[in-house]
Structure formats: C-alpha cells, structure tokens
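See structure below.
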Amino acid sequence: MSQWTPICRVEDIPVLGSRRVARPQGVDVAVFRNDQDQVFALLDRCPHKGGPLSQGIVFGTSVACPLHNWTIGLEDGSAKSPDEGCTPRFSVLVSDGVVHLDSAELASLGLGLERPVAGPVRRALVVAD
Ligand code: FES
C-alpha cells in the first residue's frame, strides 16, 4: 500500500503551468496542471538533453520542452514520435484538493540521473606532464 506525501493544493499550481518539488537528493520533480485541472508529475528532466520540463508549455496532456521543443506526454513521460525517450513519471493522488506524491517514488525514482544543465558547460583542461 502506497504512502503519500502532501505537496500543495491543486490551485497552488498555475493552470497550464507547473511547480517544482525539491528532493533531498536527485533531480527535482515537476508537478503540472492542465486546463482540465488534471495533475501530473514527471522528473524535471527532458529525456533529450535534460531540459527543465517545469519551464515548458503545457497543452492537453503534454508539455513542450523549453530547450528544443520536444513534446513529452504527461501521463507516461514518453517523448512523442518521431522523438524517442522517456523521463520517469511519478504517481499522483489528489484528495480533497491536495496533491500528493508517492513517498517511495520520491525517495527512489531517477536518483541516478544528473540535474539539467543550463548554458554551456566548462570543463577543466587536464594536461599530462
Ligand atoms: S532538452 Fe528537451 S527537447 Fe532537447
């Protein structure tokens, strides 16, 4: 039986927008609300190159990634064809207007994935003697 962690009220999420839920470790979780007041939760990391899906545009049951405009399904985290890939999806329970996420999933899903990278990455140049 699932244990649920309360996150916020549905109305705390902007219509056609999202909120980010920080975790003690791992990438944040993006919680989305569409124009039908349906709530979805995905890892805040596009399966393409790690773009922050929480900053994307929500339409229907999808979100358009802000970096390269891939369309990601909010119900399953899958990229829409012809693109391929999937970001972890989190179970959502809405009870009396309060959004809950599955506690075990919050503690385990996507922990091995890196945070999205914003802007160019500068790597140190290592010169061997
Ligand atoms: S990182 Fe999302 S479409 Fe490229």
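The values are calculated or read from the model by the stated rules, or taken from the named source; none is laboratory data. This one's a predicted model, so the numbers in the text were calculated from it and none came from an experiment. Cβ atoms come from the backbone with ideal geometry, glycine included; neighbour counts cover every protein chain shown. Surface areas here come from the heavy atoms of the whole protein model, side chains and all, with no ligands, DNA or RNA. Shrake-Rupley method; radii C 1.70, N 1.55, O 1.52, S 1.80 Å.
Points worth noting:
- In the context of the full set of protein chains, region 22-79 has a per residue accessible area of 41 Å² (1.4 Å probe).
- A simple spin-label model places pseudo-atoms 7 Å from Cα toward Cβ; at Lys80 and Val98 they are separated by 3.5 nm.
- The portion of the accessible surface of the chain made up by carbon and sulfur, rounded to a whole percent, is 49 (1.4 Å probe; DNA, RNA and ligands excluded).
- Close amide H contacts of Phe90 (hydrogens built in the peptide plane, cut-off under 5 Å, sequence separation of 5 or more or a different chain): Ala41, Leu42, Leu43.
- Debye intensity ratio I(q)/I(0), log10, the chain, q values 0.16, 0.17, 0.21 Å⁻¹ (C-alpha model): -0.75, -0.83, -1.21
- Residue-wise HN-Hα coupling along region 14-23, computed from phi with Karplus coefficients 6.51, -1.76, 1.60 (Hz; x: Gly, Pro): x, 4, 6, x, 7, 10, 9, 10, 7, 10
- Surface listing: Leu113, Leu101 arranged by accessible area from highest to lowest gives Leu113, Leu101, probe 1.4 Å.
- Under 11 Å, Cβ to Cβ, from Arg9 - net charge with Lys/Arg +1 and Asp/Glu -1: -1
- Net charge of the neighbourhood of Ser54, taken over other residues with C-beta under 15 Å away and scored Lys/Arg +1, Asp/Glu -1, is +4.
- Rule-of-thumb Rg ratio for region 11-52 [Cα; 2.2 N^0.38 Å; N residues]: 1.20
- Charge dipole of the chain about the Cα centre (unit charges at C-beta), most positive-ward option of Gln25, Ser2, Val98: Gln25
- Solvent-accessible ranking of Trp4, Trp70, largest area first, probe 1.4 Å: Trp4, Trp70
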